[in-house]
Every structure is written in structure tokens, then in C-alpha cells.
Amino acid sequence: MTEHRAKKRFGQHFLHDQNIIHRIVTAIDPKHHQTIIEIGPGKGALTFPLLEHLDTLHVLELDRDLAQALSKKYEAVKIRPEKKIVIHCVDALSYDFGKIGNQHLRIVGNLPYNISTPLIFHLLRYHHSIDDMVFMLQEEVVDRICATPGNKDFGRLSVMVQAHCHAEKLFTVSPGAFSPPPKVMSAIIKLKPRDRFLKEINDPPGFAHIVKLAFSQRRKTLKNCLKGVLEKNQINDLGIVPEARAETLSVDDFIQLANSYHKENQ
Ligand code: SAM
């Protein structure tokens with residue numbers, strides 16, 4: 001592969017630490033028959049070690065130069081003809097993950113940090129077709145996703161992701177593992193979609209709306225953030241303190257609030 005200069009706008013930080021690459025592949029634990037999609041394969045740091053365990057690997061890469069170089073590298077190193085990389089030169093943010101046509105998708109990647117939050121929101125829409133996701137993200141984002149109520153990191157991202165998935169921080173990765181090194185620490189997270197909460201949410205867009213409103217002004221109380229949407233007595237009737245702040249509520253509390261809002265607006 002000819003020398004590729006990292007493009008900042010695509011959030012390119014390429015992994016070169018073989019020990020970290022090995023730990024990530026071990027965490028993913030790929031099995032040959034599985035349908036794995038890697039987002040942002042870049043120069044293939046994770047792609048080729050993953051392919052050793054798989055029959056087919058789908059990759060989504062937005063940078064045409066990298067997608068082309070990856071295709072050439074694959075042709076050059078192709079060990080066995082039955083091992084196949086399917087390169088989709090697309091934007092993962094708008095990609096229809098239903099297209100791959102499998103109900104047991106596993107999605108992995110060292111994600112471009114500049115789009116990691118909208119990308120996770122996009123992927124949550126496909127939770128019913130996804131078995132699990134293993135991602136490298138900024139450590140700060142991983143901590144926000146995994147935070148528990150009462151913690152300063154607990155916010156909209158924590159509630160929305162935890163309503164869809166079980167989230168687990170696996171390990172941290174220092175900037176030195178990448179070239180060029182990012183300015184922040186990174187961490188690996190595993191997300192496993194689950195039904196527990198989703199079954200209880202009567203109106204998913206209404207739920208997303210309530211969560212967004214509740215965290216829209218962090219210093220305000222719940223009753224102020226939800227003014228005009230849910231009244232103080234309605235919040236009280238659910239056993240939730242209207243003067244509480246959103247960051248102290250559980251995912252269950254948000255479901256109660258959203259279901260009450262849905263009932264009022266049916
Ligand atoms: N996986 C490689 C590695 O670990 O060395 C590269 C990771 S780099 C942090 C992120 C990769 O995502 C880059 O290859 C970048 O071009 C690609 N990328 C950026 N935005 C993307 C998007 N919207 N859709 C798909 N790929 C994207």
C-alpha cells in the first residue's frame with residue numbers, strides 16, 4: 001500500500017500496536033460463519049486479523065483512496081480464495097444495515113471519533129438485527145454510555161444506549177497505539193442489544209423526545225425541562241420527584257415518563 005496521509009476530516013487514527021490489535025480481535029471473538037461488518041477498516045489493521053477467523057467480512061469505508069488500497073492489499077495477500085472481503089465504499093452514517101440481510105449482525109470497528117455518537121444513534125435503529133457491537137471510542141464517550149444514574153457522566157447518551165443495549169467497558173487504549181496519536185484516551189466497549197426495556201416503551205420516538213427534553217437544560221429540574229409536556233402532578237403520580245434532575249433518574253423512570261406522555265397524546 002502506498003503511503004496514505006491521515007485525513008483529519010475522516011477521523012483517521014490508524015492502529016499499529018499489535019498487542020492492542022490482538023486484544024481487540026480476542027474481545028470480538030469472531031467465528032467463521034458469522035456475519036461481521038467492520039466500520040472504517042482504514043489500512044486493514046483489524047480487517048486482516050479478523051478475516052483469518054472468517055469466511056466473509058463486510059467493511060464500510062468512506063475514504064475512496066483507502067477502500068481502493070484495501071482492495072489491492074487484499075488481492076495481494078489473499079491467502080485462501082474462500083476468504084472474502086466485501087468492500088462497501090459508503091458513509092456508515094446513512095448506510096442501511098438491513099441491506100446485508102442477516103438477522104444476526106455483529107458490528108465492529110475503531111470508529112472515527114468525530115461521528116461516533118450519531119453513528120451509535122443510527123445503529124440503534126437496527127438493534128433487532130444486531131447480535132452485538134464491539135467498538136473503539138473515545139474513553140470519555142464510553143464512560144458516558146456506561147454511566148449510572150447520579151454519576152456526572154449520566155446523560156441522554158447513557159439513557160438512549162442503555163434502553164437498547166447492555167453496555168460494558170472492556171479496556172482502555174493509550175494514544176501511542178495509533179498513528180497519528182489522538183489527543184485523548186480511547187476505550188473498547190461492547191454493546192449487546194436486549195429487549196428488556198424496549199418491550200416496555202409504547203412509543204419509541206416519544207421516548208427519545210422526552211429523554212432529549214429532560215437533559216436539555218442540565219441545571220433545571222425535571223418539571224421545568226418538561227414544562228408544557230408533562231405537568232408536575234403527572235410526574236408526581238408516577239412516583240418520580242418533579243424537583244429531581246434528569247441525571248438522577250433511572251432508565252425505567254424515563255420509560256414511565258414517556259409512556260405517560262404517550263397516553264396523554266394518543
Ligand atoms: N480500522 C482502522 C484502524 O484501526 O487502524 C482505521 C480506524 S480510523 C479511527 C476510522 C476509519 O473510519 C478511517 O478509515 C476513516 O476513513 C473511516 N471513516 C470515517 N468516516 C466514515 C464514515 N462516515 N463511514 C465509513 N467509514 C468512515
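The values are calculated or read from the model by the stated rules, or taken from the named source; none is laboratory data. Treat the numbers as computed from the prediction; the structure is a model and nothing was measured. With ideal geometry, Cβ positions are generated from the backbone for all residues, glycine too; neighbour counts draw on all protein chains shown. SASA here: full protein model, heavy atoms, side chains in, ligands and nucleic acids out. Shrake-Rupley method; radii C 1.70, N 1.55, O 1.52, S 1.80 Å.
Observations on the structure shown:
- Scanning the range 164-204 for residues that are at pLDDT below 95 and aromatic (Phe, Trp, Tyr) yields a total of 1.
- Number of positions in the range 68-84 that are out of contact with any Gly (no Cβ under 9 Å at 6 or more places or on another chain) and within 13 Å of the ligand (Cβ to nearest atom): 1
- On inspection, residue 93 fails the criterion of being under 21 Å from residue 25 (Cα atoms) and at pLDDT 95 or above.
- Scan of the range 18-36 for residues that are open to solvent by less than 50 Å² (accessible area, probe 1.4 Å) and either β-branched (Val, Ile, Thr) or within 13 Å of the ligand (Cβ to nearest atom) (or both), ordered by number: 20, 21, 24, 25, 28, 35, 36
- Residue within the range 129-136 that is over 24 Å from residue 173 (Cβ atoms) and more than 9 Å from the ligand (Cβ to nearest atom) present: yes
- Residue check for residue 259: open to solvent by 60 Å² or more (accessible area, probe 1.4 Å) and of a type in the set (S, T, N, Q): no
- Residue match in the range 111-126 (condition: more than 28 Å from residue 16 (Cα to Cα), crowded, with 17+ Cβ neighbours inside 10 Å and away from the ligand (no atom under 16 Å from the Cβ)): yes
- Failed condition for residue 94, given (1) open to solvent by 40 Å² or more (accessible area, probe 1.4 Å); (2) within 10 Å of the ligand (Cβ to nearest atom); (3) within 20 Å of residue 178 (Cα to Cα); (4) not basic (Lys, Arg): (3)
- Residue 242 without any contact (Cβ under 8 Å) to a residue 60 or more places away in the chain and open to solvent by 70 Å² or more (accessible area, probe 1.4 Å): no
- Near pairs, Cβ below 9 angstrom, 6+ apart or cross-chain, from the range 167-179 (closer than 12 Å to residue 21 by Cα) to any residue that is among the acidic types (Asp, Glu): 173/17; 173/139; 177/17; 178/17
- Residue under evaluation residue 49, criteria (1) at pLDDT 95 or above; (2) surrounded by fewer than 15 Cβ atoms within 10 Å (Cβ to Cβ), criterion not met: (2)
Per-residue answers, yes or no, for (1) over 21 Å from residue 258 (Cβ atoms); (2) aliphatic (A, V, I, L, M):
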position: 150; (1), (2): no, no
position: 163; (1), (2): no, yes
position: 167; (1), (2): no, yes
position: 170; (1), (2): yes, yes
position: 181; (1), (2): yes, no
position: 194; (1), (2): no, no
position: 200; (1), (2): no, no
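- Matching residues, the range 138-186, being open to solvent by 50 Å² or more (accessible area, probe 1.4 Å) and touching a Gly at 6+ places or on another chain (Cβ under 8 Å): 144
- Checklist (1) assigned by TED's automatic domain parsing to the domain that holds residue 119; (2) without any contact (Cβ under 8 Å) to a residue 40 or more places away in the chain; (3) not in a loop (DSSP other than H, G, I, E, B) applied to residue 189, failing item: (2)
- Condition met for residue 65 (away from the ligand (no atom under 13 Å from the Cβ), surrounded by 12 or more Cβ atoms within 10 Å (Cβ to Cβ) and not aliphatic (A, V, I, L, M)): no
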